[in-house]
Amino acid sequence: MKKSDIENELTYIDKVKTINDGKNLKYYILTMGCQLNENDSEKICGMAEKMGYTETDDIMDADLVIYNTCCVRENAEEKLFGKLGEVKKQKEAKGTIIAIGGCMMQEKHIVDKIKKSYKYDVIFGTHTLYKFPKDLYDAIIDNRKITDILDIDGEIIEGLPIKRDDNIRASVTIMNGCNNFCTYCIVPYVRGRERSRSPEDILQEISNLAKEGYKEITLLGQNVNSYMRVEREKGEVTSEINSFAKLLRAVNEIDGIEKIRFISPHPKDFTDDVIEAIRDCKNVSKFIHLPLQSGSTNVLKVMNRVYTKEQYLNLVDKMKKMIPNVKFSTDIIVGFPGETEEDFEDTLDVVRKVKFEQIFMFIYSRRKGTPADEMENQIPEDIKHKRFDRLKELYERLVEENNKEYIGKNFELLVEGYSKTNNKFLTGRTDTNKVVIFEAAEDAIGKVVNVKIISEHKWYLKGEILELN
Ligand code: SAH
Ligand code: SF4
Ligand code: F3S
């Protein structure tokens with residue numbers, strides 16, 4: 001799309017602002033789903049504020065209610081319908097505008113259901129985020145319902161306004177979409193094909209963030225380590241920064257950014273150049289999220305993950321050898337169609353071997369339109385839940401075991417504020433996302449401190465402050 005077309009769409013920001021002028025209008029937003037959706041919401045908020053709305057946490061106070069939806073599992077879907085049911089009365093009473101966006105809106109059967117049974121004003125999808133101001137304008141001016149969904153992949157639109165959630169940590173989307181088609185997953189259908197942002201745009205955004213005082217950057221994408229792969233294969237890359245490894249190295253050079261994280265990489269794209277970049281770049285976190293999904297080679301094959309149990313374990317071993325103190329988190333699905341007791345034992349085996357610091361565990365959820373939904377050997381709910389509980393038990397034991405290795409060691413952490421559960425203590429997190437509480441004066445908040453861990457309490461560690469850095 002031409003730059004002028006995008007600029008034209010964004011002129012609707014001012015048009016809505018003119019209509020809203022002097023009315024002191026408020027918006028409420030609820031974001032479901034992953035960090036990509038959260039990052040999209042930051043852009044939706046940026047646009048809403050420029051259109052003259054201010055944010056409120058109280059939905060009853062809102063003139064504009066925005067839902068940014070997720071459909072990766074069934075419970076995310078149910079949540080939206082519950083919310084739409086609740087907000088109906090408010091709309092009837094005071095004409096609240098309801099806008100629904102995000103991944104779920106890319107599913108036709110869902111949009112049909114909303115149109116048939118729920119109240120709304122604007123529906124927009126993942127490829128039409130930038131059209132939100134125009135859609136809202138049309139809905140207000142014409143007093144009609146707008147559905148604005150594109151089935152073809154939207155380009156990555158640069159230059160949208162953004163209202164960031166935090167002033168120290170920021171997320172930066174580097175690529176959109178996914179080409180992997182894991183057989184359980186809806187994401188490729190609702191986010192489209194892989195496409196990468198240009199390195200120039202990414203580096204410019206991060207440099208600006210550094211100037212604004214941001215210290216930590218998370219690079220986001222459904223498959224970050226295949227950054228620029230599609231463009232490389234098509235011969236479309238003009239920049240020297242033509243891979244994820246090179247992008248990491250370039251971000252590492254930006255003054256002021258002290259910590260660089262990324263999610264999610266795919267094990268199949270974890271090439272040596274990426275491992276070397278993590279090892280060499282001082283600011284790149286050594287806490288790596290490496291989605292496993294299943295430990296069974298048989299299940300992995302049917303999932304279309306294109307690695308085996310052994311290849312995953314070899315990758316972890318290689319990384320442990322090449323990157324001192326590397327630690328891992330992961331995603332695991334239990335109860336994928338056809339998963340046998342033996343397959344599940346393989347998953348437990350990998351968990352024991354890798355000793356993950358953090359595991360995000362999911363019960364397999366059937367997604368309409370995905371190959372796994374059509375498989376006949378679905379696992380009964382009670383078996384899925386029992387396996388989930390066994391994995392959870394193992395994980396909890398592992399957490400305590402891993403925690404013991406922290407005792408007596410010193411960690412640098414950013415003091416985030418008072419502990420929510422005990423306001424005698426301040427709190428921060430290690431690089432591996434462990435919550436640490438410690439006593440210190442209030443003025444330590446916002447600073448980096450050196451803390452020695454003295455005891456472990458399963459979901460948090462207790463420390464003693466050594467010094468302010
Ligand atoms: N692209 C990322 C994240 C995808 S969604 C990645 O590949 O890691 C986040 C997680 O949700 C996935 O890693 C997977 O563990 C889980 N997930 C995806 N589809 C699911 C489904 N149908 N049922 C249960 N969990 C699912
Ligand atoms: Fe889904 Fe697989 Fe793509 Fe991740 S890599 S978004 S799990 S299809
Ligand atoms: Fe959900 Fe869409 Fe993210 S389906 S997990 S919000 S990419």
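Tell me, please, whether a residue that is hydrophobic (A, V, I, L, M, F, W, C) and assigned to a helix (DSSP H, G or I) can be found in the stretch 288-297. For the stretch 288-297, residues hydrophobic (A, V, I, L, M, F, W, C) and assigned to a helix (DSSP H, G or I): absent. Say whether the condition of being open to solvent by less than 30 Å² (accessible area, probe 1.4 Å) and either in contact with a His (Cβ under 8 Å, 6 or more places away or on another chain) or closer than 30 Å to ARG305 by Cβ (or both) is met by at least one residue in the stretch 144-157. Yes, the stretch 144-157 contains at least one residue that is open to solvent by less than 30 Å² (accessible area, probe 1.4 Å) and either in contact with a His (Cβ under 8 Å, 6 or more places away or on another chain) or closer than 30 Å to ARG305 by Cβ (or both). Checking each residue in the stretch 176-190 for being more than 6 Å from ligand 2 (Cβ to nearest atom) and at positive phi picks out only GLY177.
Would you confirm whether any residue within the stretch 342-357 is of a type outside the set (D, E, K, R) and open to solvent by 20 Å² or more (accessible area, probe 1.4 Å)? No, the stretch 342-357 has no match at all.
One residue stands out in the stretch 85-113 among those that are of a type in the set (A, V, I, L, M) and buried (at least 20 other Cβ atoms within 10 Å of the Cβ): the one that is nearest to ligand 1 (Cβ to nearest atom), namely MET104. Taken as a whole, the condition of being more than 25 Å from the chain's Cα centre (by Cα), open to solvent by 40 Å² or more (accessible area, probe 1.4 Å) and more than 26 Å from THR218 (Cβ to Cβ) does not apply to GLU405.
Just one of (1) touching a strand residue (DSSP E or B) at 6+ places or on another chain (Cβ under 6 Å); (2) hydrophobic (A, V, I, L, M, F, W, C); (3) closer than 24 Å to PHE328 by Cβ; (4) not in a strand (DSSP E or B) fails for VAL399. It is (1).
Residues considered: VAL190, VAL172, VAL224. Of these, the only one that is more than 16 Å from ligand 1 (Cβ to nearest atom), within 22 Å of the chain's Cα centre (by Cα), surrounded by 18 or more Cβ atoms within 10 Å (Cβ to Cβ) and under 27 Å from ARG305 (Cβ atoms) is VAL172. The number of residues in the stretch 239-265 that are open to solvent by 10 Å² or more (accessible area, probe 1.4 Å) and either within 16 Å of ligand 2 (Cβ to nearest atom) or charged (D, E, K, R) (or both) comes to 11. For the stretch 158-169, filtered to residues that are touching an Asp or Glu at 6+ places or on another chain (Cβ under 9 Å) and among the aliphatic types (A, V, I, L, M), the residue that is surrounded by the fewest Cβ atoms within 10 Å (Cβ to Cβ) is ILE168. Filtering the stretch 408-424 to residues that are surrounded by 17 or more Cβ atoms within 10 Å (Cβ to Cβ) and over 27 Å from the mean Cα position of the chain (by Cα) leaves nothing. Residue count for the stretch 349-371 under the criterion of being in contact with a Lys or Arg (Cβ under 7 Å, 6 or more places away or on another chain) and not in a strand (DSSP E or B): the result is 4. If you go through the stretch 152-175 and keep only what is modelled with pLDDT under 95 and within 16 Å of ligand 2 (Cβ to nearest atom), you end up with just ASP153.
Can you say whether THR421 is without any contact (Cβ under 8 Å) to a residue 12 or more places away in the chain, under 27 Å from PHE356 (Cα atoms) and not assigned by TED's automatic domain parsing to the domain that holds VAL351, as far as the supplied structure shows? Against the criterion (without any contact (Cβ under 8 Å) to a residue 12 or more places away in the chain, under 27 Å from PHE356 (Cα atoms) and not assigned by TED's automatic domain parsing to the domain that holds VAL351), THR421 qualifies.
Tell me, which residue of the stretch 254-269 that is more than 16 Å from ligand 3 (Cβ to nearest atom) and of a type in the set (A, V, I, L, M) is farthest from the chain's Cα centre (by Cα)? Out of the qualifying residues, it is ILE254. Against the definition (among the basic types (Lys, Arg) and more than 11 Å from ligand 1 (Cβ to nearest atom)), how does LYS384 come out, yes or no? Against the criterion (among the basic types (Lys, Arg) and more than 11 Å from ligand 1 (Cβ to nearest atom)), LYS384 does not qualify. State whether one or more residues within the stretch 196-213 are within 16 Å of ligand 1 (Cβ to nearest atom) and within 21 Å of HIS127 (Cα to Cα). Among the residues of the stretch 196-213, at least one is within 16 Å of ligand 1 (Cβ to nearest atom) and within 21 Å of HIS127 (Cα to Cα), which makes the answer yes. For beta carbons closer than 9 Å, sequence separation of 6+ or different chains, a first residue in the stretch 291-318 that is within 12 Å of ligand 1 (Cβ to nearest atom) and a second that is outside any helix (DSSP H, G or I) and open to solvent by 60 Å² or more (accessible area, probe 1.4 Å), the qualifying pairs are PRO291/PHE360; ASN304/PHE181.
Considering the stretch 114-137, the residues that are of a type in the set (D, E, K, R), crowded, with 19+ Cβ neighbours inside 10 Å and in contact with a strand residue (DSSP E or B) (Cβ under 7 Å, 6 or more places away or on another chain) include one that is nearest to LYS89 (Cα to Cα), namely ASP121. Hey, does the stretch 268-286 have a residue that's among the charged types (D, E, K, R), within 16 Å of ligand 2 (Cβ to nearest atom) and outside the structural domain of GLU38 (by TED's automatic domain parsing)? Looking through the stretch 268-286, at least one residue is among the charged types (D, E, K, R), within 16 Å of ligand 2 (Cβ to nearest atom) and outside the structural domain of GLU38 (by TED's automatic domain parsing).
Within the set VAL302, VAL230, VAL306, the sole residue that is in the same structural domain as MET375 (by TED's automatic domain parsing), within 16 Å of ligand 2 (Cβ to nearest atom), in contact with a Phe, Trp or Tyr (Cβ under 8 Å, 6 or more places away or on another chain) and over 29 Å from LYS434 (Cβ atoms) turns out to be VAL302. Taking the residues in the stretch 36-58 that are more than 24 Å from the chain's Cα centre (by Cα) and surrounded by fewer than 17 Cβ atoms within 10 Å (Cβ to Cβ) as candidates, determine which candidate is nearest to ligand 1 (Cβ to nearest atom). Out of the qualifying residues, it is ASP58.
The values are calculated or read from the model by the stated rules, or taken from the named source; none is laboratory data. It should be emphasised that the depicted structure is a prediction, and the values quoted were computed from it without experimental measurement. Here Cβ is always computed from backbone atoms with ideal geometry, including for glycine, and neighbour counts include all displayed protein chains. Side chains are part of the model used for accessible areas, which takes the heavy atoms of the whole protein and leaves out ligands, DNA and RNA. Shrake-Rupley method; radii C 1.70, N 1.55, O 1.52, S 1.80 Å.
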